[in-house]
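Novice: Dropping the structure in here first, questions after.
Please treat every number below as a calculation from the coordinates, not as lab data. This is a predicted model, so every value here is computed, not measured. Positions of Cβ are generated from backbone atoms using ideal geometry, with glycine treated the same way; all protein chains shown enter the neighbour counts.
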Amino acid sequence: MTQTPLLNQPSTDQRLIYGGITWQQFKLIQAGFAESPGVRLFYYNDAIEILMPGREHEVFSRLIGFLIGLFCLENNIEFEPTGSMTQEREGEVSVQADESYCFGQSKPTPDLAIEVVFTSGGPNKLQRYQAIGVPEVWFWQDGLFSLYRLRENHYEKISRSEIPELATLDIDLLTRCVLIAQMSRLEAATAFRNARKPN
């Protein structure tokens, strides 16, 4: 008797982009994907991007979220993880970050959005977040973080977070521990905690 193998989640992202899409058409497409968890939809400048994250994408997203949560808990920081919730400005833009957070208290627009990038795009996606007014956006790509802070009318690259609650977060340490966490979450958490303890 032959058994049918289970379908595995693809290891790489699948990404489709279509131009010339109106907001009304986008909302219909969005409704069509309402029962498809894991599919991310983006809309900006009359174009829709449909992203089906692969296994690696999801793993890195969760590892980053795990370590940021650990940092907040270790430092008694009140935070609200809003994940990949849909953020929209009616008729103009719709985004779903991989991870997003409010710090201190709940807000309509998160303080931080994080995207894991395995295909092209990265900083080119900043215009979407600018239209919504997300104060800080981080990209994880090729084993490194790129951080951007919203100024008056553009994002500026920064070396460490300007969110007050994350001011003491060492981005190099976070990067190292995300890479360690691929092999062992426990080792990553231990390294993260130990590196932050005073000598």
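Novice: Go through 73-84, 93-104 and give me the packing order, highest mean Cβ count within 10 Å leading.
Specialist: 93-104, 73-84
Novice: Further, regarding this structure: Within the chain, what percent of beta bridges assigned by DSSP are antiparallel, to the nearest 5?
Specialist: Antiparallel: roughly 85 percent of the beta bridges in the chain.
Novice: Sort 174-181, 21-28 by packing, meaning the average of other beta carbons within 10 Å per residue, with the highest value first.
Specialist: Order by mean packing, descending: 174-181, 21-28.
Novice: Do the sum for the chain: with -39,500 (n - 2.57) for every DSSP H run of n ≥ 4, divided by all residues, what is the mean residue ellipticity at 222 nm, to the nearest 500 deg cm²/dmol?
Specialist: Result for the chain: -9500 deg cm²/dmol, rounded to the nearest 500.
Novice: Then there is this: Set the Förster distance to 35 Å, then compute FRET efficiency between Ile21 and Asp172 from the Cβ-Cβ distance, nearest 0.05.
Specialist: 0.30
Novice: Let me ask another. Hey, what do the phi angles of segment 130-138 turn into as Karplus ³J(HN,Hα) couplings, whole Hz, using 6.51/-1.76/1.60 and θ = phi - 60°, x for Gly and Pro?
Specialist: 5, 5, 8, x, 6, x, 9, 10, 10
Novice: Quick one: Val39, Val137, fewest Cβ neighbours within 10 Å first, how do they rank?
Specialist: Val39, Val137
Novice: Among 57-69, 151-163, how do they line up by average Cβ neighbours within 10 Å per residue, starting with the highest?
Specialist: By packing density, highest mean first, the sequence is 57-69, 151-163.
Novice: Sticking with this one: Once phi is turned into θ = phi - 60°, what whole-Hz ³J(HN,Hα) does the Karplus curve with 6.51, -1.76 and 1.60 give for every residue of segment 31-36, x standing for Gly and Pro?
Specialist: 4, x, 9, 4, 9, 10
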